[in-house]
Amino acid sequence: MYSLRRWSVRHARFMEALYNTVNPAILVTLRGITKVFGTKLDKPITAAEAGLKGLLFDCQMCGSCALSKTGMSCPMNCPKTIRNGPCGGVRPNGMCEVKPDMKCVWVDAWDGASRMKNSDAIKSIEFAVDHRDKGRSTWLKLAREGETVNDKEATNA
Amino acid sequence: MPDIIDKNVVQDVERLGTNPGDPLPMLDGHVSHGRFERVLKDGHFAVTTEIAPPDSADPDEVLARASLFDGYVDAINATDGSGAHCHMSSLAVCAILTRVGYSPILQISCRDRNRIAIQGDTLGAAALGVCNALCLSGDGVGAGDHPEAKPVFDFDSISLTRTLRILRDESRFLSGRKIDLAPKLFIGSSINPFVPPVENRVNQLAKKIEAGAEYIQSQYCFDLPVLKDFMARAVDMGLTENCYILPGVGVLPSARTAKWMRDNVPGVHIPDSVIKRMKQADKPLREGRKICIELMQQIKEIPGVSGVHVMAYRQEKWVGDVVKKSGVLDGRTPWSPNSAETTIGTVN
Ligand code: SF4
């Protein structure tokens, strides 16, 4: 929702803190779930992520979530899906070149980033997304990546 | 004496090859075979301009348009469907220009091609003698005459820049597959310091340089204080040490067009004072050129600036005039195909 997503950017600091506390808990839970159920619950988990992040950020489920590095402004709402923005076409009032009724998501992103604790994260380069991940859950991806890391650590130990 | 002349000729042939379209030998510390890189690395104040690709399949039209700039510019940008309008492709324009020895800059926009097409075109461009590329995001399709087209945007300008660096420096495709002969391109990108978020534009510049941009051309500058501020921050951050910055300047034909551009061309910022000056002028055409000349002269004095990029859409015939009157070339004559007096490549 547009108004909620603008709110999320304006409260990027709070959202960042929330994310930092809630995210590890979500990942731990998901790690447990995926261990027990394998891929059986992937669909509802993905739907839950899409619902929650959709509501708060107009998340487009690109499958490579960058919110923590984009001031809590989802870059996939940029009509040019720019991952390192903004483009040079931003209007003088900060509105999007392509959609004049929408605030440029990257003007919001730099604004959101400036409110965050880790306000430098936006300065690192995000390479173009892997389009195969579209529609997939970033949470599950992270949970499974974590799993392999942990497994590796376990074998190494 | 004849010895010396012979030696010079031999040296020139060594530097230039026998055919003006041949690639120049690559100098130490250079990344491309091109003349544009040589001019910048020799420390000259460079001038670039933009050619409008024709709505035609006629190569002579391309050469005719390029010849307007003879002796006044070091490189010519070939736009890639600018304003999301369909014209002859940037790659084809560049290929025609390299045949006679010009230094074209291949503009690559992310709007129309995905990573497979772009990487292929990059190899093709280098094979056709193109030595410079400029990475752009591109205007949205809605701005052009085919608003029903599918926007691609597989990359943004920063991912594109990094990709070109990988092709050139690591001699491989993004997939990891090896490239036998890497495309030796001098790689640049663009910046617009004049639109929001103005205070973060220098961070955007930093990201572009980190991604691999070796030169930067900017959107039109009609607002000198903003540019000065931007450049001061760029210099402070050390961004001009490894990157050449060429701010853009434009030739305005009238107050009406200036206003129209401001309202309709994405990313163009023209202060009211400039529009007022155009409105009050007895001869607006001349005033537009005067403004451009003054800006070029003032931009040249800004620390960290390495050249200017002159954009004169539909006013191309005036490019030579403004460059000459501005004096920014310091008496240097850039290479052109037909002039015997041109100082070849760079002045020594
Ligand atoms: S103005 Fe902002 S949101 Fe619109 S296309 Fe450019 S970067 Fe994306």
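Here are the numbers:
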{"item": "Given 15 as the ceiling on other Cβ atoms within 10 Å, longest exposed-site-free region of chain B for GluC sites (Glu not before Pro) in DSSP loops", "result": "B:1-147"}
{"item": "Chain B: C-alpha gyration tensor shape, a/c 1.5 cut-off, then a/b vs b/c", "result": "rounded"}
{"item": "Nearby aspartates and glutamates by direct alpha-carbon distance to B:LYS178 (threshold 13 angstrom, same-chain neighbours under 8 apart not counted)", "result": "B:ASP169, B:GLU170"}
{"item": "Test item: A:121-130 mean partner chain Cβ contacts at 10 Å", "result": "5"}
{"item": "Between region A:10-89 and region B:280-330, the alpha-carbon center distance in angstrom", "result": "48"}
{"item": "Exposure proxy ranking, count of Cβ atoms within 10 Å, fewest first, for A:HIS131, B:HIS33", "result": "A:HIS131, B:HIS33"}
{"item": "Charge sum, other residues only, whose C-beta stays under 11 Å from A:LYS117's C-beta, Lys/Arg counted +1 and Asp/Glu -1", "result": "0"}
{"item": "Cα-based shape type of region B:139-259, given that a ≥ b ≥ c are square roots of the gyration tensor eigenvalues and the cut on a/c is 1.5", "result": "oblate"}
{"item": "Residue-span extension gain [B:GLU241 to B:LYS290] - 0.36 nm each, minus C-alpha spacing", "result": "14.5 nm"}
{"item": "Inter-chain Cβ neighbour average for residues B:154-161, partner chain, 10 Å", "result": "6"}
{"item": "Of A:LYS103/B:LYS300; A:LYS40/B:LYS150; B:LYS279/B:LYS325; A:LYS53/A:LYS103; A:LYS99/B:LYS208, those spanning more than 30 Å from alpha-carbon to alpha-carbon", "result": "A:LYS103/B:LYS300; A:LYS40/B:LYS150"}
{"item": "For chain B, built as a Gaussian network whose Cα springs stay under 10 Å, the top-fluctuating residue of B:GLY43, B:GLY138, B:GLY288", "result": "B:GLY43"}
{"item": "Label-point gap, in nm, between B:ASP272 and B:ASN338 - each point 7 angstrom along Cα→Cβ", "result": "4.7"}
{"item": "Residue-averaged beta-carbon neighbours from other chains (10 angstrom radius) around B:105-116", "result": "1"}
{"item": "Full-extension gain in nm, B:HIS146 to B:ASP180, via 0.36 nm per residue minus C-alpha separation", "result": "8.5 nm"}
{"item": "Region B:253-320: chymotrypsin sites (Phe, Trp or Tyr not before Pro) in DSSP coil with no more than 16 other Cβ atoms inside 10 Å", "result": "B:TYR313"}
{"item": "Listed residues B:ILE96, B:ILE216, B:ILE275, most fluctuating in chain B (Gaussian network, C-alpha, under 10 Å)", "result": "B:ILE275"}
{"item": "Cα-based convex hull volume of region A:2-156 per residue, rounded to whole Å³", "result": "124"}
{"item": "Relative contact order, percent, region B:121-270 [alpha-carbon distance under 8 Å, six or more residues apart]", "result": "21"}
{"item": "Candidate aspartates and glutamates for bridging to A:LYS43, where Cα separation is under 15 Å - those fewer than 8 sequence places away on the same chain excluded", "result": "A:ASP133"}
{"item": "Efficiency of FRET between A:LEU52 and A:ILE125 - r from beta-carbon atoms, R0 30 angstrom, step 0.05", "result": "0.60"}
{"item": "Whole-number percent relative contact order across region A:2-156, with pairs defined as alpha carbons under 8 Å at least 6 apart", "result": "33"}
{"item": "Residue order, fewest to most surrounding Cβ atoms within 10 angstrom, among B:PHE186, A:PHE37", "result": "A:PHE37, B:PHE186"}
{"item": "B:ARG172-B:GLN280 FRET efficiency (beta carbon distance; Förster radius 51 Å; 0.05 resolution)", "result": "0.30"}
{"item": "Mean separation of Cα contacts under 8 Å, 6 or more apart, over the residue count of region A:1-71: relative contact order %", "result": "58"}
{"item": "Ascending count of other beta-carbon atoms within 10 Å, so fewest first, for A:TRP7, A:TRP139, A:TRP110", "result": "A:TRP7, A:TRP139, A:TRP110"}
{"item": "Residue with peak Gaussian network fluctuation, chain B [Cα springs, cutoff 10 Å], from B:ALA149, B:ALA66, B:ALA213", "result": "B:ALA149"}
{"item": "Angle in degrees between helix A:138-156 and the longest Cα principal axis of chain A, rounded to the nearest 10", "result": "40"}
{"item": "With at most 14 neighbouring Cβ atoms within 10 Å, loop trypsin sites (Lys or Arg not before Pro) (DSSP) excluded, longest segment of chain B", "result": "B:1-176"}
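Readers should treat all values here as calculations from the given coordinates under stated rules, not as data from a laboratory. Everything numeric here is computed off the predicted structure, so don't read it as measured data. Cβ: placed from backbone, ideal geometry, glycine included. Neighbour counts: every protein chain shown.
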